[in-house]
Amino acid sequence: MTRTLVTGGAGFIGSTLVDRLLAEGHSVDVIDDLSSGSLVNLTDARRATKEFAFHHADIRSPEVVDLIARRRPEVLFHLAAQADVRVSVARPAFDAEVNVIGSLNVLEGARRAGSAKVVFASSGGTIYGAPIPSSLPVRESHPQQPLSPYGVAKKAVGDYLHVYRELYELEFTALALANVYGPRQDPHGEAGVVAIFAGNLLANRPSTIFGDGHQTRDFVFVDDVVDAFARAAGRGSGLLVNIGTGVETSVNDLYAVMASAVGATSQPHRAPARPGELIRSSLDPSRAAIHLGWKPWTTLEDGTLAVLRWFRAQAEGSPAGP
Ligand SMILES: NC(=O)c1ccc[n+]([C@@H]2O[C@H](COP(=O)([O-])OP(=O)(O)OC[C@H]3O[C@@H](n4cnc5c(N)ncnc54)[C@H](O)[C@@H]3O)[C@@H](O)[C@H]2O)c1
């Protein structure tokens, strides 16, 4: 059993990671301010009264440093973030307070706690900027030229992780996540389109596709992503590692897969392309295979079906859970 701490553990990816860590017999502390996450996501976890503790705290607060130092996690998974790119554009200082200053508090806490390892949720969709098509799927060696304050913050934390490793021998792995989708996801997140299509298709509402729908994303299922976090607890030290499928899926194709799963025949509405939207995106996961022994295994068909089932259960008032 390992003592672990998950920041952002009430969120979409964080809570799925918490369930996995508890299932593997580890103890888990969660720090979350519930700004976008929810205790409902931790319904199962909170039954594990001996192994699980929830701390309602804001990572911007310096008290978080003492809290982490007291809890002494051996492995700290840092997922708490202001995770909305548009919010970061509208409020860059706020984004930096949470995503840079908050992350520094978490790193200070890990250092004071004598933690062995920090696994960080970075963002493969933003740190590399807008890669030219010939460099797709993007590798970790691609230059980092983020085009949003959110991407800048994620890149900066990657740099701080190197500094803490050099200065204090605090090990880290930064996972550059592709567009993560799955049960519990928020429609405003980086792969929000899956949740939006699911909600609309189940309610028989038309969906809107911006632009020609040929824009691509690398959709990776949350269970696969959580498996990468769990593996990174003991492997991949000192590295940035892409966590994606390497496959580009167009928004049109995503819609077609999900519409066919529910038997919908209606066509989506079309609207003008959104300015600044990335045209193509995918991440090369070869390094993850070598250093984490990780490969994605969930197909888009199976993963989106799990999302549709979860949304249907939510609408019918069934308990949370995939
Ligand atoms: N979902 C994706 O596709 C994706 C892609 C790349 C990177 N990421 C990163 O993965 C992590 C998890 O993302 P998610 O999709 O689960 O988002 P999420 O919004 O569901 O989770 C973030 C969690 O952090 C908490 N939080 C926010 N500000 C906080 C603060 N100041 N103090 C304490 N807790 C705070 C929220 O309440 C929430 O529970 C984030 O760091 C995000 O940037 C996500």
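The values are calculated or read from the model by the stated rules, or taken from the named source; none is laboratory data. This one's a predicted model, so the numbers in the text were calculated from it and none came from an experiment. Counting neighbours? That spans all protein chains shown, and the Cβs are built from the backbone with ideal geometry, glycine included.
Quick notes
- Listed by first and then second residue, the pairs linking a residue in the stretch 160-186 that is over 17 Å from Leu239 (Cβ atoms) and surrounded by fewer than 16 Cβ atoms within 10 Å (Cβ to Cβ) to a residue that is at pLDDT 95 or above and not polar (S, T, N, Q), with Cβ atoms under 7 Å apart and 6 or more places separating them unless they lie on different chains, are Tyr168/Arg111.
- Qualifying residues in the stretch 282-301 (those that are touching a residue at least 12 places away in the same chain (Cβ under 8 Å) and closer than 17 Å to Tyr255 by Cα) - the one surrounded by the fewest Cβ atoms within 10 Å (Cβ to Cβ): Glu301
- Val247 being on the phi < 0 side of the Ramachandran plot, in a helix (DSSP H, G or I) and touching an Asp or Glu at 6+ places or on another chain (Cβ under 8 Å): no
- Search result, residues across the stretch 180-209 that are in contact with a helix residue (DSSP H, G or I) (Cβ under 8 Å, 6 or more places away or on another chain) and part of a strand (DSSP E or B): Val180, Tyr181, Ile209
- Every test in (1) outside any helix (DSSP H, G or I); (2) at pLDDT 95 or above; (3) more than 13 Å from the ligand (Cβ to nearest atom) is passed by Ala259 save one, and that test is (1).
- For the stretch 146-158, the count of residues that are outside any helix (DSSP H, G or I), within 15 Å of the ligand (Cβ to nearest atom) and under 18 Å from the mean Cα position of the chain (by Cα) is at least one.
- Count - residues of the stretch 65-98 that are of a type outside the set (Lys, Arg) and within 21 Å of His26 (Cβ to Cβ): 11
- Condition check for Arg112: surrounded by fewer than 19 Cβ atoms within 10 Å (Cβ to Cβ) and on the phi > 0 side of the Ramachandran plot: no
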